[in-house]
1. Return yes or no: is Val62 surrounded by 14 or more Cβ atoms within 10 Å (Cβ to Cβ), modelled with pLDDT of 95 or more and of a type outside the set (D, E, K, R)?
2. What about Leu149, is it within 22 Å of Arg240 (Cα to Cα), in contact with a Lys or Arg (Cβ under 8 Å, 6 or more places away or on another chain), in the same structural domain as Asp84 (by TED's automatic domain parsing) and in contact (Cβ under 8 Å) with a residue 60 or more places away in the chain?
3. If I go through the range 161-192 residue by residue, how many of them are over 20 Å from the mean Cα position of the chain (by Cα), in a loop (DSSP other than H, G, I, E, B) and β-branched (Val, Ile, Thr)?
4. Given the conditions (1) surrounded by fewer than 16 Cβ atoms within 10 Å (Cβ to Cβ); (2) not in a loop (DSSP other than H, G, I, E, B), and given that Asn152 satisfies all but one, which numbered condition is not satisfied?
5. For Phe242, state whether it is surrounded by 14 or more Cβ atoms within 10 Å (Cβ to Cβ), among the hydrophobic types (A, V, I, L, M, F, W, C) and under 14 Å from the mean Cα position of the chain (by Cα).
6. As an exercise: evaluate Ile215 against (1) surrounded by 16 or more Cβ atoms within 10 Å (Cβ to Cβ); (2) in a helix (DSSP H, G or I) and give the number of the one condition it does not meet.
7. Quick one: would you say Lys96 is over 25 Å from Ala144 (Cα atoms) and assigned to a helix (DSSP H, G or I)?
Amino acid sequence: MRKNNARKLKYNELTELRKRGISAFQDGQPSVCRLLNQLGLSLQKPLWRAFQQDHEPVEQWVKEEFPKIRALARKQEVHIFFGDEAGVRTDFHSGKTWAVRGKTPIVNTTGARFGYNMISAVSPRGVLRFMIIQQKLTADIFVAFLKRLIHNWSRSIFLIVYSHPVHKSVTVSKFVASTEGQLQLFYLPPYSPELNPDEQVWDHLKNHVIGKQPITGPDQLKQMTFSCLKKVQKLPSLIRSFFAIPETIYAGNC
């Protein structure tokens, strides 16, 4: 079991579990699950983490770096956004449906593979900004999104993103400098997507909308993606909930 990801069992508990489990099998009693429940364990879908992640920078970000950014934002009356990029494809499927027992249901969808890329930014105030693109992310495209983000926004913005090469490119740096303080970029620790509330936008889009629908063509996929993001945009309470899960609650009080 991974440290901090599962309950640590005492040695005597494991010994007792092993003894009682073996005895249960010998007696023909399917009681292993009951024994595991009695020890406080349950069958769960695990959270996946990159083994390259360094826990020290993550802890430093949550306890030191972000609190400083938040304090500075409050002092300067700046709004904080978290940004991210993702892709949506026709070969991603999720969810379940009802069918006659013993007969696996079949959903007819396109066999062609295509998709779109997206950029978005969310604020703990319940604001979402997004842009759908067909090509891969470049510095010029990211700058175009940044222009949309700050357009007609009443206050300056602190945008927190990953340390992607595009985000740190010369083109992006020059644009940020040209805003004269209207926009500043900050960077999350490497291999730490769970710290970014904007990841929940993609989770909602893929697992609760696109992944559950049959796709017939590129135009339909784009329209479904646009409609979903527009709907989320009109639900500030849902956006704020992205900042309320255990991994992102640190960023919710901004």
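1. In short, yes.
2. In short, yes.
3. 1
4. Asn152 satisfies every listed condition except (2).
5. yes
6. (2)
7. Judged against the criteria, Lys96 is not a match.
Here is a yes/no grid of residues against (1) surrounded by fewer than 19 Cβ atoms within 10 Å (Cβ to Cβ); (2) among the β-branched types (Val, Ile, Thr); (3) farther than 30 Å from Arg49 by Cα:
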site	(1), (2), (3)
Leu128	no, no, no
Lys147	yes, no, yes
Ile157	no, yes, no
Ser163	yes, no, no
Phe186	yes, no, no
Asn196	no, no, no
Asn207	yes, no, no
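The values are calculated or read from the model by the stated rules, or taken from the named source; none is laboratory data. The structure displayed is predicted, hence computed values, not measured ones. Positions of Cβ are backbone-derived with ideal geometry, glycine not excepted, and every protein chain shown enters the neighbour counts.
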